[in-house]
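These notes concern the structure reproduced below.
Bear in mind these aren't lab numbers, they're just calculated from the coordinates by the rules spelled out. As the structure is a computational prediction, the values presented were derived from the model and not from experiment. Using ideal geometry, Cβ is built from the backbone for each residue, glycine included, and neighbour counts are taken over all protein chains shown.
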Amino acid sequence: MTRDDIDQAAGMLAASRSLAGRCNRFPDQCRPDTPADGYAIQDALHGLLGPVAGYKIGCTTPVMQKYLGIDHPCAGGIFADSIHASPVTLKHRNFRRIGVECEIAVRLERDLPAGPFTRDSVADAVGECMPAIELVDDRYTDYTQLDAASLIADDFFGAGCVLGPARRDWQSLDLAACAAFMTVNGKDAGRGTGAMVLGHPLAALAWLAGNLAERGQMLKAGDIVMTGSMVETRWLNAGDWVDVSIEGLGIAAVSLT
């Protein structure tokens, strides 16, 4: 893609978000053909809408890869003004079609400037772990007709997150074994374990660090990273309330008015 193509696509996405419209397929002249094209558009979008305070990783678990029909992880940015402390009440009308996902989030306490990135090598950079709800938004006329590159360009459904209590002594936990539960209006909405996230949530963090390095970027101290949903996305209505519980970490909660 040319620079003009990338900027045109990013401008379309930025305008769609500000006008609360729904996206259709990109015009042929600026449609991303590869994930690399999608990330180039995403980076340009961040330049228009930033600042970015962290990242989300989609399709890190079998349940989400099956749900979306995409067999590889995909990253998106999280804007600073879309990060919320639990419990929080949000307005349903501020989203096109809001969904929630059940995740383990981490906050970095130092930069990750160079690889190789492995589960063990990134662990020392993690200052805190938290139970978290990823907020996703279906901004599309029909997302099932979009490919991974197009979804990557628009932050892969990303619309923010809700963070529960931070635990600094997380090293005492086996994050892979931690059980996760999500309820919607008090009813079971899915469960899983940290092992579902590429075998271990920190394996997802290592994947993201490598993805950013390939793009000439890096994870920095203070960044929030959502490692991937252990349950299938649940779409919400006004009046719904959601709890996510991660064994050893606690609860994150959001309600919609």
What list of ³J(HN,Hα) values in whole Hz, one per residue of the range 177-187 in order, does the Karplus curve 6.51 cos²θ - 1.76 cosθ + 1.60 (θ = phi - 60°) give from phi, with Gly and Pro shown as x? 8, 4, 7, 10, 9, 10, 10, 10, 6, x, 9
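Only Cα pairs under 8 Å and at least 6 apart count here; give the relative contact order of the chain as a rounded whole percent.
28 percent
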Only helical DSSP H runs with n ≥ 4 go in: add -39500 (n - 2.57) per run for the chain, normalise by residue count and round the 222 nm mean residue ellipticity to 500 deg cm²/dmol. -7500 deg cm²/dmol
What FRET efficiency do you get for Thr257 and Ala221 if R0 is 41 Å and r is their Cβ-Cβ distance, rounded to the nearest 0.05? 0.70
Dividing the alpha-carbon radius of gyration of the range 52-256 by 2.2 N^0.38 Å (N being the number of residues), what value is obtained? 0.93
Vicinal HN-Hα couplings computed from phi for the range 222-230 (Karplus, 6.51 cos²θ - 1.76 cosθ + 1.60; Hz; Gly/Pro x): x, 5, 9, 10, 8, 7, x, 7, 8
Hits in the range 83-124: amide N under 18 Å from the 7 Å Cα→Cβ extension of Thr141, namely 96-97
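Mind checking the full-extension length gain between Glu247 and Leu48? Use 0.36 nm per residue of separation minus the Cα-Cα distance, one decimal, nm.
On the way: separation 199, 0.36 × 199 = 71.64 nm, distance 3.80 nm.
Stretched fully, the Glu247-Leu48 segment lengthens by 67.8 nm.
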So which trypsin sites (Lys or Arg not before Pro) in the range 27-128 are both in a DSSP loop and have at most 12 other Cβ atoms within 10 Å of their Cβ? Lys91
Among Ala20, Ala44, Ala195, determine the one that fluctuates most according to a GNM of the chain built with springs between C-alpha atoms less than 10 Å apart. Ala20
Give me, ordered by chain and number, the residues 5 or more places off Ala53 or on other chains with an amide H under 5 Å from its own placed amide H. Ile78, Phe79, Ala80
Distance between the range 70-132 and the range 200-257 - C-alpha centres, whole angstrom: 4 Å
Hey, what do the phi angles of the range 35-43 turn into as Karplus ³J(HN,Hα) couplings, whole Hz, using 6.51/-1.76/1.60 and θ = phi - 60°, x for Gly and Pro? x, 4, 4, x, 5, 5, 5, 4, 4
